[in-house]
1. 7 Å from Cα along Cα→Cβ at both residue 78 and residue 192: what's the point-to-point distance in nm?
2. Given +1 on the Cβ of Lys and Arg, -1 on the Cβ of Asp and Glu, and no further charges, what dipole in debye does the chain carry about its Cα centre, rounded to the nearest 20?
3. Where q = 0.11 Å⁻¹, what log10 of I(q)/I(0) comes from the Debye formula for the chain, counting one point per Cα?
4. What ranking do 243-253, 149-159 get when scored by the average of other Cβ atoms within 10 Å per residue, highest first?
5. Less than 18 Å apart at the alpha-carbon level, and either on another chain or at least 8 residues along: which aspartates and glutamates does that give for residue 126?
6. Which value at 222 nm does the chain reach when only helices count, each DSSP H run of 4 or more adding -39,500 (n - 2.57), with the total divided by all residues and rounded to the nearest 500 deg cm²/dmol?
7. Computed FRET efficiency, Cβ-Cβ of residue 228 and residue 21, R0 56 Å: what is it to the nearest 0.05?
8. Please find, in a Gaussian network model of the chain (springs between Cα atoms separated by less than 10 Å), the residue of 210, 270, 307 whose mean-square fluctuation is greatest.
Amino acid sequence: MSITTGTTGTGTPTTSLEVERAEARTAHNYHPLPVVLAHGEGAWMTDVDGKRFLDLLAGYSALNFGHSHPRLLATAHAQLDKLTLTSRAFIHDEFADFCAALGDLCGKELVLPMNTGAEAVETAIKVSRKWGYEVKGVPADQARIVVATGNFHGRTTTIVGFSDDPDARDGFGPFAPGFDMVQYGDLAALEAAITPDTVAVLIEPIQGEGGVIIPPEGYLRDVREICTRENVLFAADEIQAGLGRTGRTFACDHEGVVPDLYILGKALGGGIVPVSAVVGNRDVLGVLKPGQHGSTFGGNPLACAVGHEVVQMLATGELQDRATELGEILRERLAALVGNGVVSFRTRGLWAGVDIDPAIGTGRQVCERLMERGVLAKDTHGSTIRLAPPLVISEEDLHWGLDQLAAVLS
């Protein structure tokens, strides 16, 4: 495939040079598309050669509000001039407002801020185990957590230990015990896996990395009912699905379900700083005592200022409504492609997993062709591509991007 290039002052192709330099000094834990981006605004990015690209990935939903959102940038700039880090050894003046606003958005009492999504998942695991020992009365070191096939909760050694993705898991053992995997969406299997030592069910309400996999209608409601009946915590990983992406504030909202723990990240940092959090009530998060868990950067002033602004933007519901409206366009356009290069697809709000006809090419090949036409997307699991445009994308730009998809599939 060709790569759009410009030249440096010495006549060297700019994109090619930057790709080569990155490959030479970077551990190869990613296989990025050969595009070198230098600027972003709204739903568009520009590479080092001046070519513009429509962003249909939005940083795996970390950029729900687009690139360089003026409200978020203004908040970040203002905070940069004041205070950026104190550690949690001290309290800063942005902390209480952020925690209160996020707690209110979730309808919960307490917030535990962290940085990355994986840190938030690890936090939820620790909290669930401690709650199991101190509140439920599970014998020491016997706590078990039910997880689902096809999950993606992060890449720490604990988390990949309960992944069934060979790329994520193989070569990184030995793994922590205490996890029971059941088929995603299979309620009977989940119920059968619960024992007196089970402390939590940890699932994604929609599996993003799996290809936007949506469980059967009523599944989340039944999981909530089972967890309540069996005195087990329901921990919902809303890191990708939450904060407006699906047309609701949380994906659990589509079934009127409130988990015991919300696990949040990605969009919470507004595409500016890594911000994550675990949100729950005092009877669960209150099991942690000083010194038992923490993070130097978790809940730092810059993160709290940006995160608070994100929560205020979501509190009006306008972005959620926009995701619903544009998501209907996305669904209709993808439906027209079934049988024309698309085998099947799944959408919820402004989020889609699109299964490509293998006769057309792999997901990676389709993403490379889209890149040539000025659209950026990402493949997963071979034949599937994910589409997650920023929620601020215009209807016109969304149609244009889907026109390019139709073109590369024809």
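Since every read-out is calculated from the coordinates, none of them should be taken as a lab result. This one's a predicted model, so the numbers in the text were calculated from it and none came from an experiment. FYI the Cβ positions are ideal-geometry reconstructions off the backbone, even for glycines, and counts take in every protein chain you see.
1. It is 5.6 nm.
2. Once rounded to the nearest 20, the dipole reads 580 debye.
3. Evaluating at q = 0.11 Å⁻¹ gives log10 I(q)/I(0) of -0.85.
4. In descending order of packing, they fall as 243-253, 149-159.
5. Qualifying aspartates and glutamates at Cα under 18 Å: 134, 141, 180, 197, 204, 237, 238, 260, 283.
6. The helix contribution divided over the chain gives -10500 deg cm²/dmol.
7. Once the sixth-power term is evaluated, E becomes 0.55.
8. Comparing 210, 270, 307 in the GNM, the peak value goes to 210.
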